[in-house]
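What follows is a single structure, written as structure tokens, with notes after it.
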Amino acid sequence: MKILIVAATWLEVSIFADELEFVGETSQMVKKYRFEDSEIDILVTGIGLTFTTFHLTNVLKSQNYNLVINAGIAGSLTKELEIGEVVSVVSDEFGDLGIEKEEDFLTLFESGFMDSGEYPFTNGLLRTTDANMITGFRKVRGITVNKSHGRNDSISEIKTKFPAQVESMEGAAVFYVCNWLGVDCLQLRAISNYVEPRETAFWNIPLALEKLSESVLGVLRKLPVAVA
């Protein structure tokens, strides 16, 4: 099986990468590994929608993969999730792509610029291609944004607007590209913090990275062997 793991930063993949057999580099962006019977490529795109979309598209246009896994940390919009918990994001959407009005924010679907069922969207959402491929994780809805929220007013607005549980800066971009290019995709996120007025003293990035590494390795061990 040939798998591409996509992350925004090397920090998010470095722990489990140490458990893989390093093979080499195909480019500045992609490192090649082996793990049991699978070929694993790791793509570090940089933080945010633009870098993720560009670099992921380039790689998928030049290489064939059975599966793309977007792995990273995320902020939780609800206290129902625990710091360090790893979740499977099964649906995602762009949380700040739209039209701002005096007292409201309208998505492109609400403003009429796009139809909510226009491919690859379903009711305005982008989805994992196989939510049942992995088990043992809480399934959640995400929003993807160009800025990590840290002010009371903007946090209140997104919580009112979107019934999501987690916030990232790359997830929806991965789903969008993979759906268009016909590649199976999953998104695993480890909760590093709650989305609230920024106070990093309450964050636990080391715990989130440790749990993310354990979870990614667990998923790799359970994936079916691709039949040629």
Translational diffusion coefficient, Stokes-Einstein: compute it for the chain using the Kirkwood radius over C-alpha pairs as Rh, at 4 °C and 1.567 mPa s, and state it as an integer in µm² s⁻¹. 72 µm²/s
Relative contact order in percent for the chain (Cα pairs under 8 Å, 6+ apart) equals 28 percent
Theoretical gain in end-to-end length, residue 66 to residue 198 [0.36 nm per residue, Cα-Cα removed]: 43.7 nm
Could you give the length gained by full extension between residue 110 and residue 22, i.e. 0.36 nm per residue of separation minus their alpha carbon distance, to one decimal place? 27.0 nm
Å² per residue, accessible surface of the range 116-228 at 1.4 Å: 49 Å²
Report for the chain the percent antiparallel among DSSP-assigned beta bridges with both residues inside it, nearest 5. 40 percent
For the range 1-66 and the range 181-195, what is the separation of their Cα centres, given in Å? 14 Å
Under 5 Å between amide H atoms, partner at least 5 residues away or on a different chain: which partners does residue 170 have, H built in plane at 1.01 Å? 145
Lysine pairs within the range 1-149, Cα separation less than 18 Å, 8 or more sequence positions apart or different chains: 6
In deg cm²/dmol, rounded to the nearest 500, the helical mean residue ellipticity at 222 nm of the chain, built from -39500 (n - 2.57) for every DSSP H run of length 4 or more, is -7500 deg cm²/dmol
Excluding ligands, DNA and RNA, the carbon-plus-sulfur percentage of the accessible area of the chain with a 1.4 Å probe reads 50 percent
Whose amide H sits under 5 Å from the amide H of residue 105, counting only residues 5 or more places off or on another chain, with H placed in the peptide plane? none
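The values are calculated or read from the model by the stated rules, or taken from the named source; none is laboratory data. These figures come from a predicted structure and were not determined experimentally. Each accessible area value is taken on the protein alone, full model and side chains, heavy atoms only, with ligands, DNA and RNA left out. Shrake-Rupley method; radii C 1.70, N 1.55, O 1.52, S 1.80 Å.
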